[in-house]
Amino acid sequence: MNYFLVKSEPYKYSWDQFVTDKQTVWDGVRNYAARNNLRAMKKGDLVFWYHSNEGLEIVGIAKVVKEFYPDPTATEGDWSVVELKPFKKLKKPVKLEQIKADKKLQQMDLVRLARLSVGVVRPEEFDHILALSETK
């Protein structure tokens, strides 16, 4: 299994809205590194849901339910989407400041590549975030 992180601005599309919708198409990505991370996602992979700009915290875990296909919102270029469904809300959100201060998380894409909207999460980082969030 692989792990990832997606960023969403809560005023545009929050975790709560995602839970209400029960599934979403992750579209609109227009960065090559982020697109490549979408393309690396496999059905069943787990994805942290990060509230960016407002909140600045990981709030939940989504599951990949459909692997990448062409982004229907793209008018030009070779862009991709995946489909995600809610898997689990974190017991306690994990704040960006907490992640940045943690020596075990210094190599996370969220810290190193702060502007990247879809990042890779290493298994040990995933497990550590779960421990910080008190989520099983």
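Any residue at all in the range 58-70 that is modelled with pLDDT under 95 and surrounded by fewer than 17 Cβ atoms within 10 Å (Cβ to Cβ)?
Looking through the range 58-70, none of the residues is modelled with pLDDT under 95 and surrounded by fewer than 17 Cβ atoms within 10 Å (Cβ to Cβ).
Please find, within the range 2-27, the residue that is most open to solvent (accessible area, probe 1.4 Å) out of those that are part of a loop (DSSP other than H, G, I, E, B) and in contact with an Asp or Glu (Cβ under 7 Å, 6 or more places away or on another chain).
11
Residue check: is residue 44 surrounded by fewer than 20 Cβ atoms within 10 Å (Cβ to Cβ), at pLDDT below 95 and within 25 Å of residue 128 (Cα to Cα)?
For residue 44, the condition - surrounded by fewer than 20 Cβ atoms within 10 Å (Cβ to Cβ), at pLDDT below 95 and within 25 Å of residue 128 (Cα to Cα) - is not met.
Is it true that some residue in the range 58-76 is of a type in the set (D, E, K, R), within 13 Å of the chain's Cα centre (by Cα) and within 15 Å of residue 8 (Cβ to Cβ)?
No, the range 58-76 has no match at all.
Please specify each residue of the range 47-84 satisfying the condition of being among the aromatic types (Phe, Trp, Tyr) and within 23 Å of residue 131 (Cβ to Cβ).
If the condition is that a residue be among the aromatic types (Phe, Trp, Tyr) and within 23 Å of residue 131 (Cβ to Cβ), then 48, 49, 50 are the ones that fit.
Could you grab me the full set of residues in the range 71-85 that are of a type in the set (Val, Ile, Thr), open to solvent by 30 Å² or more (accessible area, probe 1.4 Å) and closer than 27 Å to residue 16 by Cβ?
Scanning the range 71-85 gives a single hit, 73.
Checking the structure you have, find out if any residue of the range 24-47 is on the phi > 0 side of the Ramachandran plot and without any contact (Cβ under 8 Å) to a residue 60 or more places away in the chain.
yes
If residue 62 satisfies all but one of (1) farther than 16 Å from residue 114 by Cβ; (2) small (Gly, Ala, Ser); (3) assigned to a loop (DSSP other than H, G, I, E, B), what's the number of the condition it fails?
It fails just one condition, (3).
Take residue 54 and decide whether it is in a loop (DSSP other than H, G, I, E, B) and touching a residue at least 24 places away in the same chain (Cβ under 8 Å).
yes
Any residue in the range 116-136 that is at positive phi sitting within a Cβ distance under 9 Å of a residue that is at pLDDT 95 or above and buried (at least 19 other Cβ atoms within 10 Å of the Cβ)? List the pairs, counting only those 6 or more apart or interchain.
Listed by first residue and then by second, the contacts come to 134/90.
The values are calculated or read from the model by the stated rules, or taken from the named source; none is laboratory data. Bear in mind the structure is a predicted one, so any value in this text is a computation, not a measurement. Neighbour counts are summed over all protein chains in view; Cβ atoms, including those assigned to glycine, are modelled from backbone coordinates with ideal geometry. For accessibility, only protein heavy atoms count, side chains too; no ligands or nucleic acids. Shrake-Rupley method; radii C 1.70, N 1.55, O 1.52, S 1.80 Å.
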